[in-house]
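Worksheet for the structure shown next.
The values are calculated or read from the model by the stated rules, or taken from the named source; none is laboratory data. Everything numeric in this text was worked out from a predicted model, so none of it was measured. Here the Cβ is made from the backbone with ideal geometry for all residues, glycine too, and neighbour counts use every protein chain on show. In case anyone asks, the SASA skips ligands and DNA or RNA and just uses the protein heavy atoms, side chains included. Shrake-Rupley method; radii C 1.70, N 1.55, O 1.52, S 1.80 Å.
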Amino acid sequence: MINYTERISLLMHDVVERTPRLSFIDLKEVVVFGRYGRTDAEGAFATCHCLTLPESEPGYYFWRDRSTGELTRRSEWFVTKSPQVRVGGRDIKYLVSFVLPRFCDQSLERSRKIDLYPEGTPSWIAKLDTVVHELYHIDPDETGIRRVSRSDGSDSPRSHGPLFYEEVAAMVKGYLASGPDPLIYDFLQEDFNGLTARHGGVVATTFKNFPSFPQRYMERVNLPTSDPMLKIEPLKPITQPVLYSEDDLHIRQFTDGRARRLPRLPRKGQHRAA
Ligand SMILES: [Zn+2]
């Protein structure tokens, strides 16, 4: 079977090496993983998630009486934090997720990117464009997602300035003109059914808590409330890990209808007792 996220990671290494504007990126601090999403459903093809956003200022939710406008209850104080992801002894700064099988079926004809490429450009270039696009979201100043970011650290549609798409297309053309080995990007030429037929299946790295993954979470903080008479709603307990390691990475097979976990192979250097 083809390990799709591994192939994307290898491609990213080559892109970063050949693209001066992306050469600051240290891919040891980036984890590529798969999320499930059908081809015929609306939604993103890929997302860049930043894990370096600082802890938020303390805040709380509140509820008002609809007629009087009076405060009726509030939540406990909380701060919003990024989980920590440590892989290979390194703190991961960015996660890039690819939505499978949807991403495998992305085509230039059905994308508004088509205007950025000359006529006759092969359809799969839309996928290479998406890979470069997500890398371009990695901020050289390490302040989060390049340009604007959502409070949950994910990519916002507003984080694309007017030139973002043009700059990405220019980098894609520059990469292809630099003479990369087609073996590095050939896998993008096939759609999901083509990949499944050729390789017997498509697998990808996912997190143990699939379909979830490391996301910003709210942590309770002890601060006094101004009105002691006001009813305080407790925050929901944290149900997702706040620390992830390589042990939380699982390989799953993606099919048209679902994602299934594969049995774990013994790690290199480990021996299973006979
Ligand atoms: Zn984007």
*Among the residues of the range 189-238 satisfying the criterion of being assigned to a loop (DSSP other than H, G, I, E, B), of a type in the set (S, T, N, Q) and within 25 Å of G89 (Cα to Cα), which is most open to solvent (accessible area, probe 1.4 Å)?*
Q215
*Residues in the range 156-172 that are without any contact (Cβ under 8 Å) to a residue 24 or more places away in the chain and surrounded by fewer than 17 Cβ atoms within 10 Å (Cβ to Cβ): how many?*
7
*Regarding S159, is this residue closer than 30 Å to W124 by Cα and modelled with pLDDT of 90 or more?*
no
*asked:* Looking only at the range 117-156, how many residues end up being modelled with pLDDT of 80 or more and within 13 Å of the ligand (Cβ to nearest atom)?
replied: 11
*Failed condition for S9, given (1) more than 22 Å from P182 (Cβ to Cβ); (2) assigned to a helix (DSSP H, G or I); (3) open to solvent by less than 40 Å² (accessible area, probe 1.4 Å)*: (1)
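Quick grid of which residues meet (1) within 16 Å of the ligand (Cβ to nearest atom); (2) of a type in the set (D, E, K, R):
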residue: L10; (1), (2): no, no
residue: V15; (1), (2): yes, no
residue: I25; (1), (2): yes, no
residue: K28; (1), (2): no, yes
residue: F33; (1), (2): no, no
residue: C48; (1), (2): yes, no
residue: S56; (1), (2): no, no
*Consider V99 against the criteria (1) out of contact with any helix residue (DSSP H, G or I) (no Cβ under 8 Å at 6 or more places or on another chain); (2) within 16 Å of the ligand (Cβ to nearest atom); (3) within 19 Å of D139 (Cα to Cα): it satisfies all of them except one. Which criterion is unmet?*
(3)
*asked:* Six or more apart or on different chains, Cβ atoms under 6 Å: show the pairs whose first residue is in the range 1-18 and of a type in the set (D, E, K, R) and whose second is assigned to a helix (DSSP H, G or I) and buried (at least 18 other Cβ atoms within 10 Å of the Cβ).
replied: R7/F187; R18/Y175
*asked:* I need the full set of residues from the range 61-79 which are among the hydroxyl-bearing types (S, T, Y), open to solvent by 30 Å² or more (accessible area, probe 1.4 Å) and touching a residue at least 40 places away in the same chain (Cβ under 8 Å), in order please.
replied: Y61, T72
